[in-house]
Amino acid sequence: MFTQILTKQMEQAFAALGYDSTYAAVGISARPDLCQFQCNGAMPLAKIARKAPLAISQEIASELLKLPEAAEIYESVEAVAPGFININLKDSFIARHINTLALSEDLLVESVTEPKTIIIDYGGPNIAKPLHIGHLRTAIIGEALKRLFRHLGYQVIGDTHMGDWGLQMGMIISEIARTQPELPYFDPNFTGQYPSEPPFTLDDLSEIYPRISTAIKEKDENGQPTAQALELDKSAKEATYELQNGHAGYRALWKHIVNLSVGDLKKNYQRLLVDFDLWYGESDSHPFIPTILDILKDKNALIESDGAIIADVSQPDDKKEIPPIILVKSDGSYLYGTTDLATLYQREKDFQPDEVLYVVDARQAMHFTQVFRTAKKHGIVADKTNLEFVGFGTMNGKDGKPFKTRDGGVLRLADLISMVVENAASKIQNKEDIDPEEIAEMVGISVLKFADLSNYRMKDYIFDLEKFSSFEGKTGPYLLYSIVRIKNILRKLEEENNPAGDILSAISSVERDLQLKLDQFNTVLWQTAKDKAPNYLCEYLYDLATLMNSFYHNHHIITESDPARKSSWHRLLQTVLRVMTTGLTILAIPVPEKM
Ligand code: ARG
């Protein structure tokens, strides 16, 4: 990376002059019209050395030019008021370095020095309920972060942490008990093997949950729950309690529900190119609830409050009130926080992670503050384990409100995907050698994912289908289209038997900018990882595609008569393609061959 090479050079110059080299950092120029790189170290040094910053920057600039390789590296090094050092590189130096990058296996992306273990908790689907719009961002952002950290050499474990243990399971079980009481799962005297096939299909299941969930919420004309609703609610809670306390028939039935549901979830996630290493659910942490309660009890952290058991998580320097975490309700049932603590305990025991990241809706921030504080304060996780909430904002419709179906209902994820893919299909031209359905799927997924990832995750954003589906502007389709353009040119070059060859010095500013951009890939990936902000990578890929397209318009690659020049462009484009493909693969955005 140029910034690294230049910083090392600058450090030598600083040291030779007796200046503190911690100020020697060289960054990409904030004024690309004036220079490519800059060092601002003379300003802080001026205060320490009590000299004018311009004088210091002049000293440094001439020292830098005395270094042994200076003649090869620098086109210009200039001290400018009030004390900047502006640097431009020699085109031959840029080209040589980009050629090295092009020939490297890893595109000169650095790997982490200590391969830490990171668990990423994302997805969070709820069994027996369809995935809805609220499950979109966690899946997309979580998957991108998982792939990014893995690419940088970390050990990464993606865990979907399914909601498979809550009231919705009790609701379904009690509803089946009501409608099919003859099933062996409900016979207290049953001693045999429960059937290996489920007594319902996935379609049955997707009909049962909404039915019972509506029935439980039914109100009479005074707005009070009806007698039947109360009755159903009571049975659902009882069934939940029995399930969690080991009722054999319920457990067997539950297993059927989980298996059917997971199969369906996998299909949906596959469409989004999302997959998890662990399909653990809340139920998997259940056996550790007594353990964590014992730990908290030993630490005298448990407080009784109105029959419930809670723990204080406030800290003296809190600016706003952080309410206590409720661990056991007065009816003996456990809560969301109890499960998350037990899960942390289990993760610590099984994987000793260095970090656990939670990619969850920003509205759950308080819950995680409570959980993390409890876990840290009472040793449920080690001191060194870094727990981080990676929140995100809401995807809104054009009206600025959370995306809804036309009649105001919750939009199913599958319906959203179909809508976007159908819209893409309407724009794809029929060509001989492409499968329009396959391309529409890829383009549609790129619309959805790039729209989501290119907005800073903490921000709410408006999903404007037409804007994000456009083949122009900062969109998924624009990137795919650019990639396909490169592939077409490369195909032609290969057909002509033009081999790739050494990258030569740029002959235009756009070619130079394109080369310089390729060098930034490593920095961008590390910045993206640091802030867990995939939008940086999106921005970079968009800039790279834009430069590539202007390069293409400015130079006639196919008709170029100088074979060395043509071979140089061949390699340059190959490298742009590799960077773009690697970037999009990290973002889990599909890349077509043709379109
Ligand atoms: N299932 C939850 C939901 O649908 C999300 C779970 C998030 N992860 C966690 N460890 N609590 O809101």
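The values are calculated or read from the model by the stated rules, or taken from the named source; none is laboratory data. Remember, predicted model here, so these are calculated numbers, not experimental data. Here the Cβ is made from the backbone with ideal geometry for all residues, glycine too, and neighbour counts use every protein chain on show. Please note that ligands, DNA and RNA were not included when accessible areas were found on the heavy atoms of the full protein model with its side chains. Shrake-Rupley method; radii C 1.70, N 1.55, O 1.52, S 1.80 Å.
Just give me the residues in region 212-221 being assigned to a helix (DSSP H, G or I) and exposed (fewer than 14 other Cβ atoms within 10 Å of the Cβ), in sequence order.
Taking region 212-221 and keeping what is assigned to a helix (DSSP H, G or I), we get 212-216.
Of everything in region 212-221, just one residue is assigned to a helix (DSSP H, G or I) and exposed (fewer than 14 other Cβ atoms within 10 Å of the Cβ), namely THR214.
Looking only at region 368-394, residues that are touching a Gly at 6+ places or on another chain (Cβ under 9 Å) and under 30 Å from ILE462 (Cβ atoms) come to 3 in all. Which of the residues belonging to region 383-392 are closer than 20 Å to ASP159 by Cα and either open to solvent by 20 Å² or more (accessible area, probe 1.4 Å) or touching a residue at least 40 places away in the same chain (Cβ under 8 Å) (or both)? Matches in region 383-392: ASN386, LEU387, GLU388, PHE389, VAL390, GLY391, PHE392. Residue pairs whose Cβ atoms lie under 9 Å apart, separated by 6 or more positions or on different chains, with the first residue in region 107-128 and over 25 Å from ALA362 (Cβ atoms) and the second of a type in the set (Asp, Glu) and surrounded by fewer than 15 Cβ atoms within 10 Å (Cβ to Cβ), do not occur. Taking the conditions exactly as written (in contact (Cβ under 8 Å) with a residue 12 or more places away in the chain, away from the ligand (no atom under 16 Å from the Cβ), within 20 Å of the chain's Cα centre (by Cα) and surrounded by fewer than 22 Cβ atoms within 10 Å (Cβ to Cβ)), does GLY153 satisfy them or not? So GLY153 fits the description; yes. The set of residues from region 393-422 being free of Cβ contacts under 8 Å to residues at least 40 places away in the same chain and of a type in the set (Val, Ile, Thr) comprises THR405, VAL421. Residues that are open to solvent by less than 60 Å² (accessible area, probe 1.4 Å) and assigned to a loop (DSSP other than H, G, I, E, B) were ranked within region 109-129; the one that is nearest to the ligand (Cβ to nearest atom) is GLY124.
Among the residues of region 158-194, the ones that are away from the ligand (no atom under 16 Å from the Cβ) and open to solvent by 60 Å² or more (accessible area, probe 1.4 Å) come to 10 in all. Is it fair to say ILE380 is within 30 Å of THR291 (Cβ to Cβ), open to solvent by less than 40 Å² (accessible area, probe 1.4 Å), in contact with a helix residue (DSSP H, G or I) (Cβ under 9 Å, 6 or more places away or on another chain) and in a loop (DSSP other than H, G, I, E, B)? Considered against the rule, which asks whether it is within 30 Å of THR291 (Cβ to Cβ), open to solvent by less than 40 Å² (accessible area, probe 1.4 Å), in contact with a helix residue (DSSP H, G or I) (Cβ under 9 Å, 6 or more places away or on another chain) and in a loop (DSSP other than H, G, I, E, B), ILE380 comes out as yes. If you filter region 346-361 down to residues that are within 12 Å of the ligand (Cβ to nearest atom) and of a type in the set (A, V, I, L, M, F, W, C), you find that the one that is farthest from GLY123 (Cα to Cα) is VAL356. Only residues that are surrounded by 22 or more Cβ atoms within 10 Å (Cβ to Cβ) and more than 12 Å from the ligand (Cβ to nearest atom) were counted across region 130-147, and they come to 6. ALA533 meets all of the listed conditions (1) closer than 24 Å to SER104 by Cβ; (2) crowded, with 19+ Cβ neighbours inside 10 Å but one, namely (1). Considering each residue of region 394-409, count those that are in a strand (DSSP E or B) and exposed (fewer than 14 other Cβ atoms within 10 Å of the Cβ), and give that number. Matching residues across region 394-409 total 0.
If you go through region 547-563 and keep only what is touching a residue at least 12 places away in the same chain (Cβ under 8 Å) and either among the polar types (S, T, N, Q) or within 15 Å of LEU516 (Cα to Cα) (or both), you end up with LEU547, MET548, ASN549, SER550, PHE551, ASN554. Taking ALA95 as meeting all but one of (1) within 12 Å of the ligand (Cβ to nearest atom); (2) more than 27 Å from the chain's Cα centre (by Cα), write down the number of the exception. ALA95 satisfies all of (1) within 12 Å of the ligand (Cβ to nearest atom); (2) more than 27 Å from the chain's Cα centre (by Cα) except (1). Checked against (1) of a type outside the set (Gly, Ala, Ser); (2) closer than 22 Å to LEU167 by Cα; (3) surrounded by 20 or more Cβ atoms within 10 Å (Cβ to Cβ); (4) more than 16 Å from the ligand (Cβ to nearest atom), HIS247 passes all but condition (3).
Can you name the helices (runs of 4 or more DSSP H) wholly within region 1-104 that have at least 2 residues being open to solvent by 40 Å² or more (accessible area, probe 1.4 Å) and closer than 29 Å to TRP569 by Cβ?
Values: elements: 2-16, 42-49, 53-64, 70-73, 91-103.
Per the criteria, 2-16, 70-73, 91-103.
For region 441-464, name all the residues that are crowded, with 16+ Cβ neighbours inside 10 Å and modelled with pLDDT under 95. Scanning region 441-464 gives TYR461, ILE462, PHE463. Of all the numbered requirements in (1) assigned to a loop (DSSP other than H, G, I, E, B); (2) more than 30 Å from LEU136 (Cβ to Cβ); (3) touching a residue at least 40 places away in the same chain (Cβ under 8 Å), LEU493 misses one, and that requirement is (1). Within 30 Å of PRO590 (Cα to Cα) and within 22 Å of the chain's Cα centre (by Cα), is that true of LEU272? It is true that LEU272 is within 30 Å of PRO590 (Cα to Cα) and within 22 Å of the chain's Cα centre (by Cα).
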